[in-house]
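The structure under discussion appears below in the form of structure tokens.
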Amino acid sequence: MKFFIDTGDVKEVREAAAMGLVDGITTNPSLIAKSGRKYREVVVEMCELVNGPISAEVLSTTYDEMMAEARDWHKLHKNIVVKLPLTQDGLKGVRTCTSEGIRTNVTLCFSPNQALLAAKAGASYISPFIGRLDDISETGMDLIQKIVTIYQNYDFATEVLVASVRNPTHVVDAALIGAHVCTIPYSVMQQLIKHPLTDLGLQKFVEDAKKIPK
Ligand code: G3P
């Protein structure tokens, strides 16, 4: 499973990349707003740091405006994947982008049928938001299982990018299902590292190391 980092913070990208945990990056307007920096500036810096797909989201919602933004992002750097919302205009955008050789990530997917439409339109990635489904008492991971099954049934090339990841269980379950990509916040990556037995074991090794004759 590929690991993307879900962030608007370049420092987090650097830290995670130093551990070999960044195959790509996803951003969204909310994450970039948190950084307090300009969207374009952040994405350019990310492209310099990571040689993998960097999802940059369009900010408009109509087809013509989204296409203008998509072409603009595409011109900026070869690693940029254009993120479009799962709406009628968004799907039209995906179809046009595909025909122009622009890779796309379809965001805000909450149902298997939406994922099927994105694949039909030629999306490179589909982003089902599992944490937000959990928030409303649905099991987000069931959606991942259904999408993976549908895509396998018909050999769609669209990759399942598990998004809105909130905890380590989401990551291991995505991997067990066989999702192509999991986009993970830096805080969750840090949680993945931790195990109390690792800490205890290391403490003992450090203590015993002091007893070794020099
Ligand atoms: O990748 C999408 C993600 O950023 C949304 O996460 O936690 O806001 O639902 P969240």
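The values are calculated or read from the model by the stated rules, or taken from the named source; none is laboratory data. Every value quoted in this text rests on a predicted model; they were computed, and no experiment measured them. Side chains included, ligands, DNA and RNA excluded: accessible areas come from the protein's heavy atoms. Shrake-Rupley method; radii C 1.70, N 1.55, O 1.52, S 1.80 Å.
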C-alpha long axis of helix 168-177 to longest principal axis of the chain, angle in °: 60
Accessible area in square angstrom per residue, the chain, 1.4 angstrom probe: 52
Any idea what % of Cα-Cα pairs in the chain are farther than 33 Å? 18
In terms of Cα to Cα distance under 18 Å, which aspartates and glutamates are near enough to K75, apart from those fewer than 8 places away along the same chain? E41, E45, E48, E57, D64, E65, E100
Using Cα positions and a limit of under 16 Å, work out the lysines in reach of K92, with same-chain residues fewer than 8 apart set aside. K83, K120
Which cross-chain or sequence-distant (5 or more) residues have an amide H under 5 Å from the amide H of V162, H modelled 1.01 Å from N in plane? V181, C182, T183
